[in-house]
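Enquirer: The structure's right below; bear with me while I get my questions together.
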């Protein structure tokens, strides 16, 4: 006897996630992650180029490949803060961090809203914020059933948040659309080039795809263990 979730299979989809039942995928996540849950810090990451580069470094089974765009379904996001007393030490664990944007863990720790490290002008050379805000986005691409991660840097937050807000204004959930992420090149006030994210909707998911994503997102949210 076929259950309702087992019938939610799109055999000819190019997305691996849609070719398996949500029940099967959720079960695999639960069994393989065990009691430790899904640690976001261990998921593969898409790297944004420095110096105004135009191609992402996307993880694959064979290593990393350059790509001008990343297409997929954003299934989860989280805004977070990180602070390094030595700005050159990035790539090592931060001195202080917050996964809820309000309470810092580490040194200096405490209330993020009142922390001077989060004030504009506290960054290197008196610009930006010493404690930067980023948005972690988990994306399901066509060849995966577990997401990959891309961290939207401070310079991309405005446009990324505008994308989510625009979807909300049309009563559309972010995991009910196929998104495409590309890179724009901009310059700061010192003329230094940097890459920033440009996110747009490719298409809305159909009814069956949305039903699968509703179940999948519930599985991800219930298994996530926060980590930067």
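The values are calculated or read from the model by the stated rules, or taken from the named source; none is laboratory data. Given the structure is predicted, the values throughout are model-derived calculations rather than measurements. A quick note on method: Cβ atoms are made from the backbone with ideal geometry, for glycine too, and the neighbour counts reach across all protein chains shown.
Enquirer: Restricting to the stretch 37-47, name every residue that is over 30 Å from residue 193 (Cβ atoms) and either out of contact with any strand residue (DSSP E or B) (no Cβ under 7 Å at 6 or more places or on another chain) or crowded, with 16+ Cβ neighbours inside 10 Å (or both).
Expert: Filtering the stretch 37-47 down to residues over 30 Å from residue 193 (Cβ atoms) leaves 37-39, 42.
Answer for the stretch 37-47, where residues must be over 30 Å from residue 193 (Cβ atoms) and either out of contact with any strand residue (DSSP E or B) (no Cβ under 7 Å at 6 or more places or on another chain) or crowded, with 16+ Cβ neighbours inside 10 Å (or both): 38, 42.
Enquirer: Turning to a different aspect of this structure: Go through (1) out of contact with any helix residue (DSSP H, G or I) (no Cβ under 7 Å at 6 or more places or on another chain); (2) crowded, with 17+ Cβ neighbours inside 10 Å; (3) closer than 30 Å to residue 24 by Cβ for residue 195 and report which single condition fails.
Expert: (3)
Enquirer: Scan 23, 71, 57 and give me the residue that is touching a strand residue (DSSP E or B) at 6+ places or on another chain (Cβ under 9 Å), closer than 25 Å to residue 174 by Cβ and in contact (Cβ under 8 Å) with a residue 12 or more places away in the chain.
Expert: 71
Enquirer: Oh, and also: Look through 50, 54, 13 and report the one residue that is assigned to a loop (DSSP other than H, G, I, E, B), touching a helix residue (DSSP H, G or I) at 6+ places or on another chain (Cβ under 9 Å) and closer than 26 Å to residue 199 by Cα.
Expert: Values: 50 fails: touching a helix residue (DSSP H, G or I) at 6+ places or on another chain (Cβ under 9 Å); 54 fails: touching a helix residue (DSSP H, G or I) at 6+ places or on another chain (Cβ under 9 Å).
Residue meeting the stated conditions: 13.
Enquirer: Just checking, how many residues over the stretch 198-228 are out of contact with any helix residue (DSSP H, G or I) (no Cβ under 6 Å at 6 or more places or on another chain), under 17 Å from residue 74 (Cβ atoms) and part of a strand (DSSP E or B)?
Expert: The qualifying residues number 7.
Enquirer: While we're here: Find the residue count for the stretch 148-182, including only residues that are part of a loop (DSSP other than H, G, I, E, B) and at pLDDT below 95. Give the derivation first.
Expert: Step one: of the stretch 148-182, the residues part of a loop (DSSP other than H, G, I, E, B) are 153, 170-173.
If we keep only those that are at pLDDT below 95 as well, we get 153.
Number of matching residues: 1.
Enquirer: Hey, can you tell me all the residues within the stretch 1-10 that are at pLDDT 85 or above and touching a helix residue (DSSP H, G or I) at 6+ places or on another chain (Cβ under 6 Å)?
Expert: Within the stretch 1-10, 8, 10 meet the criteria.
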